[in-house]
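*Asks:* My questions all concern the structure below.
The values are calculated or read from the model by the stated rules, or taken from the named source; none is laboratory data. On a predicted model such as this, the values are computed, not experimentally measured, just so you know. Here the Cβ positions follow ideal geometry from the backbone for every residue, glycine too, while neighbour counts run over all protein chains shown. For the accessible areas, the whole protein counts, side chains as well, though only heavy atoms, and no ligand, DNA or RNA atoms are used. Shrake-Rupley method; radii C 1.70, N 1.55, O 1.52, S 1.80 Å.
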Amino acid sequence: IHTGESKCNYLVCELCGSERAEGPSSCPKRPDSRAATSSTTSITRNNESNKNQSALIAPPSSPWGCLRAPSQKDIAGPRKRRKGLEEPPPMMDYIIVLDFEWTADNRRRMEPIAEITQFPSVALRLLEGGRDVEQKLDDECSCNIPIPHDLRSPPQRPSRRDAWCISIFDSFVKPTLNPVLTQFSIELTAITQDMVDTAPTIDQVIVKYMKWLRGIGLVDNDGNRIGNWTFATWGDVDLMST
């Protein structure tokens with residue numbers, strides 16, 4: 001506490017705002033009530049003024065506290081620039097286009113999960129620079145599905161990049177958890193109850209599908225991927241909801 005003869009006239013220190021203990025040794029001269037009240041009021045106003053200034057200076061509340069919130073550049077991370085002498089990534093040789101149909105109901109979730117009712121795929125052979133190798137398909141990859149004429153063979157005028165269909169897989173699937181289709185599902189997909197009743201189950205369709213991929217030369221006998229190819233869908237819902 002700041003002490004001294006000149007400071008003993010006040011009950012509260014004007015430097016630090018702390019109260020002084022009363023007594024003849026520390027404060028031989030007691031101030032009058034008006035001086036004490038005036039000093040206390042002045043200190044109170046100073047404290048309120050300091051609080052107001054702190055509130056103006058203090059940053060808004062944030063879950064990051066005193067740390068700077070990350071920007072979009074921080075989230076994306078460092079971007080590696082490809083140098084001129086680096087080889088560009090190879091283009092895909094094939095793309096397998098998926099477009100599932102599955103059980104559904106109007107404003108009601110299918111429990112426990114939605115089931116695939118149609119399992120179609122289109123195998124596209126990609127071309128680059130107008131050059132392509134002859135495609136030889138095994139007999140087991142044939143599903144007796146005609147390929148559209150405009151996708152049946154490479155274009156007459158080869159462009160820099162193009163694609164053509166080499167095979168199509170399509171099969172209806174019989175649901176087992178909810179074997180009876182809802183009227184909403186029938187109107188939405190145009191798949192009737194008779195179509196799925198005579199169709200194989202999903203485990204049987206998967207076996208046929210792997211034989212189809214093996215016939216194209218995209219997987220080996222153990223189901224491992226061969227070559228540079230990938231799946232393509234209209235959106236994540238085809239793989240995340242079924």
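*Asks:* Within segment 194-232, track down each residue that is in contact with a helix residue (DSSP H, G or I) (Cβ under 7 Å, 6 or more places away or on another chain) and within 16 Å of Thr117 (Cβ to Cβ).
*Replies:* none
*Asks:* Check Met240 against each of (1) among the hydrophobic types (A, V, I, L, M, F, W, C); (2) open to solvent by 40 Å² or more (accessible area, probe 1.4 Å); (3) in contact (Cβ under 8 Å) with a residue 12 or more places away in the chain and name the one condition it does not meet.
*Replies:* (3)
*Asks:* Follow-up. Please go through segment 164-181 and give me each residue that is surrounded by fewer than 16 Cβ atoms within 10 Å (Cβ to Cβ) and under 32 Å from the mean Cα position of the chain (by Cα), ordered by number.
*Replies:* Asp170, Thr176, Leu177
*Asks:* Could you look through segment 187-237, keep only residues that are open to solvent by less than 40 Å² (accessible area, probe 1.4 Å) and within 25 Å of the chain's Cα centre (by Cα), and pick out the one that is nearest to Pro120 (Cα to Cα)?
*Replies:* Here the residue is Ala232.
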